[in-house]
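Bear in mind that the values in this text are calculations on the coordinates, not laboratory data. Keep in mind that this is a model prediction, so the values were computed, not measured. All Cβ positions, even for glycine, are placed from backbone atoms using ideal geometry, and neighbour counts span all protein chains on display.
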Amino acid sequence: MSHERPERRRGPRDRRLRQPTLDEELLLWLDGEPPEVRAADADRVHDIAQEFAAGFNALSRVERAVTVFGSARAPRGHPHYELARALGASLGRAGFAVITGGGPGLMEAANRGAQEAGALSIGCNIELAHEQEANPYLDISLRFEHFFARKVMFVRYASAFVVCPGGFGTFDELFEVLTLIQTRTVRHMPAVLLGNGEWAGVLEWLRAFPLKDGYIDEADLALMHLLETPEEACEMIRAAHARALEEGPEIVRRTAPPGGATER
């Protein structure tokens, strides 16, 4: 008797297998996977550490910077594109580098404005199942394979965050930043919502449900600064940065790895 597997006919719901991104592979459903597949997860730590190290090395000399979030889908010439471009230019003229996700749309616009103003323009791109090309306005272009490593770079080198209109990815970044500010994991970093009316529905929902139910309070809502123009955003960020320098750090920064000699 033959033990060969019969040829499988492809039906309408069949999909051709492709090579997953590292994030996809890391987060794949584990049900039914053999023990050796699960055991291999520990080996991923080395790849993850290398990705963090590469990001830290590339950005170690970045000083004053602002991270800008926004949609990858906004076309050139769209009012939101021009708003983000003007924001990048305004921040650049004020002496801030601009960090974005490095892709098209409003990320490109903010990087473009920064470059046009002569400021450092940084993009932290991500490997996706559908390729996201780096925009052409980057002085430092990084490509990450894990979302969480990329998100650390967004926060680690920023003095503030500006959120332009966007979709699920932008909202993910917005609420992660708000959580870090709310829990005082990061300090002295304003979160600016930039736009004219685009955020009204979000704020209305937050008041109607999470605030009403007691899951957040007015102080949490006050973490978001709703501003209409790049100039207003830039002025707030400059003031917050100056205040942070005047007040100084609230914690002692470690200058050596845990367990090593620590300079104070």
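Odds and ends about this structure:
- Within the shell of other residues whose beta carbon sits under 12 angstrom from the beta carbon of A89, the net charge comes to 0, with Lys and Arg scored +1 and Asp and Glu -1.
- Degrees, to the nearest 10: 168-182 long Cα axis against longest axis of the chain: 60
- Overall form of the range 58-247 per C-alpha gyration tensor (a/c, 1.5; a/b vs b/c): rounded
- The GluC sites (Glu not before Pro) of the range 33-100 that DSSP puts in a loop, and whose beta carbon has at most 14 other beta carbons within 10 Å, are E63.
- Taking a Cβ cut-off of under 12 Å around S159, the surrounding Lys, Arg, Asp and Glu residues balance to a net charge of +4, with basic ones at +1 and acidic ones at -1.
- Within the shell defined by Cβ-Cβ distances under 14 Å, the residues around S71 carry a net charge of -2, with Lys and Arg each +1 and Asp and Glu each -1.
- Applying a DSSP loop filter and a limit of 14 other Cβ atoms within 10 Å to the trypsin sites (Lys or Arg not before Pro) in the range 54-87 leaves R61, R73, R76.
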